[in-house]
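The values are calculated or read from the model by the stated rules, or taken from the named source; none is laboratory data. In this text the structure is predicted, and so the values were computed from the model without any measurement. With ideal geometry, Cβ positions are generated from the backbone for all residues, glycine too; neighbour counts draw on all protein chains shown. Accessible surface is based on the protein model in full, side chains and every heavy atom, while ligands, DNA and RNA are left aside. Shrake-Rupley method; radii C 1.70, N 1.55, O 1.52, S 1.80 Å.
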Amino acid sequence: MLYRTEGIVIKNIEYGEADKIATIYTKDYGKVQAMAKGVRKTKSRFGSSLEILTDAIFLLYQGRNIDTVSQTEIVESFFPTSKEVIKFAFATHCAEIVNKLTEEREANITLFNLLKIVLHYLRETKDPKLLTLSFQWKVISILGYKPSFDLCCRCNKGVEDQKIGGYFSIKDGGIICQNCVSKDNRDYRQISNYFIRLVKKILITPLATISKHTIPQGRVEELEEITELYLAYHAEKGFKTNDFLKYL
Ligand SMILES: [Zn+2]
């Protein structure tokens, strides 16, 4: 069976002499894996359409074990050159997050659109780290892991703003009230009010708007640490690109 869909290449590995197995996050079918035969030959009819972070229209043949790429038409190549190493690293990290947090053949058009938007604005923004972290919180929200910031995630009572910040549980998925912390003080971290306000703001602000802002390095650290821990908890294991991004 042949099928046609738009998709973004989120991963690819070389296979055999001249082939590639691409992981494509498609608009209509979610994540699919497809074999691109002969793609590494210089005169391949696929051109650069199977490069990572390429948005293309794919004509795919559904096979018994793995699908095969039949035709491609590039919509947009995000980061086609290696000039912007740092932005490329953040973009690859976004692609990897989508790969890690999704199952094959589970369509999610909102997530597809979000990936496309973040790749677009990563090219323009002055703060790729802030934009990538914001993307991560939006993915968390789309996939239904959004933490609770207004109600205690253990007892469900309203949590009032405290001058000293709050307590956040990665495992329980949100803020814990003073009362619950005093009863059981396992599995939480202290967080600042700045963090709470920032994540709440990110969740309601479009990436296009966030891409015009920057935040100072000193203030992004807490956000970065908790975001990665929270996502890693949901992805079960850490992301391998993190080790590189930590040094930027
Ligand atoms: Zn509580």
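Miscellaneous remarks
- Checked against a 24 Å cut-off, the cross-linked pairs 116/146; 116/171; 43/87 give Cα-Cα distances beyond that limit for 116/171; 43/87.
- Rh by Kirkwood over Cα pairs, then Stokes-Einstein D for the chain at 1.306 mPa s and 10 °C, µm²/s: 82 µm²/s
- Tilt relative to the chain, helix 128-142 - C-alpha long axis, 0 to 90 degrees, to 10: 80 degrees
- For the chain, built as a Gaussian network whose Cα springs stay under 10 Å, the top-fluctuating residue of 157, 200, 212: 157
- Distant-in-sequence amide H partners of residue 6 (H built 1.01 Å from N, under 5 Å): 27, 28, 58
- Highest-MSF residue in the chain out of 139, 118, 220 [GNM, Cα springs under 10 Å]: 220
- The order of 2, 203 by accessible area, most exposed first and with a 1.4 Å probe, is 2, 203.
- Label-point gap, in nm, between residue 74 and residue 209 - each point 7 angstrom along Cα→Cβ: 3.4 nm
- Most to least accessible of 150, 172, 67 (protein chains only, probe 1.4 Å): 150, 172, 67
- Net +/- balance of residues flanking residue 106 in space, Cβ distance below 14 Å, scoring K and R +1, D and E -1: +1
- Heavy-atom accessible surface of the chain: percent carbon and sulfur, 1.4 Å: 49 percent
- Inter-centroid distance (Cα atoms) of the stretch 12-36 relative to the stretch 89-157, Å: 22 Å
- When each of 20/126; 27/100; 100/183; 37/126 is checked by Cα-Cα distance, pairs over 28 Å: 20/126; 100/183; 37/126
- Net length gained if the chain between residue 183 and residue 62 were fully extended (0.36 nm per residue, minus Cα distance): 38.1 nm
- Under 12 Å from the residue 120 label point (7 Å along Cα→beta-carbon), backbone N, the stretch 68-82: 76
- Amide hydrogen neighbours beyond the local backbone of residue 15, cut-off 5 Å, H modeled: 20, 21
- Ignoring aspartates and glutamates fewer than eight residues from residue 41 along the same chain, the ones with Cα atoms less than 15 angstrom from its Cα are 14, 17, 19, 51.
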